[in-house]
Structure formats: C-alpha cells, structure tokens
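Enquirer: Can you keep this structure in mind? I'll have questions shortly.
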Amino acid sequence: FIVLAVGSMLGATEAARVKTYLQEVVTARATGGDSKVSFVEFAEQQMADTIGCDYHPSVRTHAKMADVLTAHIKSLTGW
C-alpha cells in the first residue's frame, strides 16, 4: 500500500491545494488499475497541543496523527 498524506503543518489554503493534487494522484492510479494508493488527511496542528521547534508538530500532535494513520491502515488491511 502507498498512503499519501497532507501533514499538520499546512494552513487551510495550502492543505486544500495539496489535498487536491494528492487526490488526483489517487484517482489516476485507480484509473490505471492500482487500488492500493490512498489518501489520508491530518488535521492542522492546534496551539492548544503546543507547537514544536520551528512550528513542527508536538508530541501530542504526532500522537493524534498516529491515531489517524493507524485507523487508515487498519481500514486498508483489515488488521
């Protein structure tokens, strides 16, 4: 499986643009017969969760992202 993702550091406008591009890739691969490419979107990081160095995600944000990715992988694999 290949999972394409939009990270938590992008603002709404940038995330929407990247999401569009990545969904186009998923659609193109599906049209070509590759059903193992998917997309997952992580929520924008929140100041309440604190922000890491240079605005990188904090440990709490990483944990939230891990939960989203884990659920996505489980839905793909049935694990």
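Enquirer: Filter the stretch 43-52 for residues that are touching a residue at least 24 places away in the same chain (Cβ under 8 Å) and surrounded by 14 or more Cβ atoms within 10 Å (Cβ to Cβ) and give the result.
Expert: Glu44, Gln45
Enquirer: Of all residues being outside any helix (DSSP H, G or I) and touching a strand residue (DSSP E or B) at 6+ places or on another chain (Cβ under 7 Å) in the stretch 10-37, which is least open to solvent (accessible area, probe 1.4 Å)? Just the residue, please.
Expert: Looking at the filtered set, the residue picked out is Val37.
Enquirer: (1) surrounded by 13 or more Cβ atoms within 10 Å (Cβ to Cβ); (2) assigned to a helix (DSSP H, G or I): which one isn't true of Val40, the others all being true?
Expert: It is condition (2) that Val40 fails.
Enquirer: A further question follows. Would you confirm whether any residue within the stretch 48-62 is assigned to a helix (DSSP H, G or I), among the hydrophobic types (A, V, I, L, M, F, W, C) and at pLDDT 90 or above?
Expert: yes
The values are calculated or read from the model by the stated rules, or taken from the named source; none is laboratory data. Nothing here was measured: the structure is a model prediction, and the numbers come from that model. We place every Cβ from the backbone using ideal geometry, glycine too, and count neighbours over all the protein chains shown. Surface areas here come from the heavy atoms of the whole protein model, side chains and all, with no ligands, DNA or RNA. Shrake-Rupley method; radii C 1.70, N 1.55, O 1.52, S 1.80 Å.
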